[in-house]
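Report on the structure given below.
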Amino acid sequence: MKKFLLVMLVLIMFIPILSACWNQKELTDLAFVMALGIDRGDDNLYHVSFQLVNPANVSAGQTGGGQGLPIAVYKSKGRTITEAARNATKKVSRRLYYAHTNLVVVSEEVAKDRTLMLNLLDAFARDPEFRTTTEIVISRDASAEEIVTTLTILDKLPVTKITKELKFTEAMKGENMSISIDDLIDGIVGNGKEPIINGYKLIGMKEEANKAINLQKTTTDAFLAADGLAVMKDGALIDWIENKKSRGVIWILNKAKSTDITLKWNGKKNALSVAPIRSKTKVSTAFKNGKPVINIKIENEGWLSEANTAIDLMDPKTIGKIEKLTEKSIKKEVQSTVKEAKRLKCDIFGFGDVVHKANPNLWKKLKGDWNNYFANLEVNVKVDSYVRREGVRTNPFWSDINK
């Protein structure tokens, strides 16, 4: 009898942890928030746009689907992000669910205000339902609302278009890189490195961007495109780095996977194109007269993807010359980027972190005024580049036409 009572007692004690469905949520009661747009209104309130997915109009593989629009966007405002989110429940018939949020778009106005940025980041980092691996971008020359309401033709969900575009432009162009809320927070609170954020623009006729007619065209009147890297300092946007200078940032951060390097040959511009297939960057520090010196070494391997001039690619000396030109081009980009960051007095490369690891005692003396010290820091760049192949042919096909 005692044994029976003991078993029953144990079973009763396990009942609470065996109730797997105690917090279940019906899918029909949830509104999946795929993206958030955050603006600042003239009323000094947060204006938040919630991009919700309409599952009935998005089929597997993102082809076909229903006849309606794949997303619905609801707008709300509040003194805080939490208040704006709660106010949105007055308009949405379902509970807003953030576990699948993949993108946060912040307007330039909000990004330039340190207090606003820190407050909204705290709200995201504190919410257990919100994933801090979510991508964050800054809208340029457009409101965050305009970015999240734009419809796209290739990807049914606009949020998918942006996150995938950042992924592939990082892999193929090397002027942007994936940046999450976690990355941003780590950069703000860390020592020796300031964060960067991707910029996004709405190009074309903005008033047509959110109309259903766009989904019935082979080319749209307005489209979204990655544009530049935002330089953050003390948690606020201070400036932008564009084009090749932004590619220099990616080189230094060892995030470069591939891109296109255009070279001049025998006086002809745009004669050759070299595409890196792998790249490795190592940043180290040495000390000269008690002062840190940063050394950047880049090892790059690529292939000749285009030849628009008469050239003998069977000659090893020619290949050697191409390699030297490639090294010179990469070095020039990196040096230009470092110069720009020094002008802004903002160490976005993490040189301070390198100094910290190499000499913690010296770092204690420098970290309080590191960005000003960084502006006069000696930085050396060395590039080794190799051309491993010339594509499926050697000389241009037209080189023998008149022979």
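What the table shows:
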| quantity | calculated |
| --- | --- |
| Helices (runs of 4 or more DSSP H) fully within the range 92-184 counting 2 or more residues that are out of contact with any strand residue (DSSP E or B) (no Cβ under 6 Å at 6 or more places or on another chain), within 19 Å of GLU194 (Cβ to Cβ) and not small (Gly, Ala, Ser) | 114-126 |
| Options SER284, SER329, SER336, SER279: the member that is open to solvent by 20 Å² or more (accessible area, probe 1.4 Å), under 21 Å from GLY248 (Cα atoms) and out of contact with any strand residue (DSSP E or B) (no Cβ under 9 Å at 6 or more places or on another chain) | SER336 |
| In the range 185-196, residue surrounded by the most Cβ atoms within 10 Å (Cβ to Cβ) [restricted to those that are out of contact with any strand residue (DSSP E or B) (no Cβ under 9 Å at 6 or more places or on another chain) and assigned to a helix (DSSP H, G or I)] | ILE185 |
| Unmet criterion (only one of (1) over 22 Å from ARG40 (Cβ atoms); (2) open to solvent by 20 Å² or more (accessible area, probe 1.4 Å); (3) in contact with a Leu (Cβ under 8 Å, 6 or more places away or on another chain)) for ILE81 | (1) |
| Some residue of the range 340-360 being among the acidic types (Asp, Glu), more than 18 Å from THR281 (Cβ to Cβ) and either modelled with pLDDT of 95 or more or out of contact with any helix residue (DSSP H, G or I) (no Cβ under 8 Å at 6 or more places or on another chain) (or both) | no |
| Restricting the range 251-268 to residues that are out of contact with any Gly (no Cβ under 7 Å at 6 or more places or on another chain) and β-branched (Val, Ile, Thr), the residue that is surrounded by the most Cβ atoms within 10 Å (Cβ to Cβ) | ILE252 |
| Candidates TRP303, TRP363, filtered to the one that is open to solvent by 50 Å² or more (accessible area, probe 1.4 Å) and either hydrophobic (A, V, I, L, M, F, W, C) or in contact with a Phe, Trp or Tyr (Cβ under 8 Å, 6 or more places away or on another chain) (or both) | TRP303 |
| Test for GLY248: is it closer than 29 Å to LYS112 by Cβ, open to solvent by less than 60 Å² (accessible area, probe 1.4 Å) and not in a strand (DSSP E or B) | yes |
| The listed residue being over 30 Å from ASP155 (Cα atoms) and of a type in the set (Gly, Ala, Ser), out of SER279, SER258, SER305, SER246 | SER279 |
| Qualifying residues in the range 306-323 (those that are touching a residue at least 60 places away in the same chain (Cβ under 8 Å) and of a type in the set (D, E, K, R)) - the one most open to solvent (accessible area, probe 1.4 Å) | ASP312 |
| THR220, sole failed condition from (1) hydroxyl-bearing (Ser, Thr, Tyr); (2) under 19 Å from MET172 (Cα atoms); (3) open to solvent by 10 Å² or more (accessible area, probe 1.4 Å) | (2) |
| Residue within the range 206-213 that is touching a helix residue (DSSP H, G or I) at 6+ places or on another chain (Cβ under 6 Å), open to solvent by 50 Å² or more (accessible area, probe 1.4 Å) and among the polar types (S, T, N, Q) present | yes |
| Residues of the range 152-167 satisfying the condition of being within 19 Å of the chain's Cα centre (by Cα) and basic (Lys, Arg) | LYS161, LYS164, LYS167 |
| Conditions (1) of a type outside the set (A, V, I, L, M); (2) surrounded by fewer than 18 Cβ atoms within 10 Å (Cβ to Cβ); (3) within 25 Å of ASP127 (Cβ to Cβ); (4) more than 19 Å from the chain's Cα centre (by Cα); number of the one not met by THR149 | (2) |
| Output for the range 247-279, where each listed residue is out of contact with any helix residue (DSSP H, G or I) (no Cβ under 8 Å at 6 or more places or on another chain) and either under 14 Å from ILE197 (Cβ atoms) or at pLDDT 95 or above (or both) | LEU253 |
| Qualifying residue in the range 112-125 (condition: at pLDDT below 90 and in contact with a Leu (Cβ under 6 Å, 6 or more places away or on another chain)) | no |
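The values are calculated or read from the model by the stated rules, or taken from the named source; none is laboratory data. Source: prediction; values computed, not measured. Positions of Cβ are generated from backbone atoms using ideal geometry, with glycine treated the same way; all protein chains shown enter the neighbour counts. The accessibility values were calculated without ligands, DNA or RNA, using every heavy atom of the protein model including side chains. Shrake-Rupley method; radii C 1.70, N 1.55, O 1.52, S 1.80 Å.
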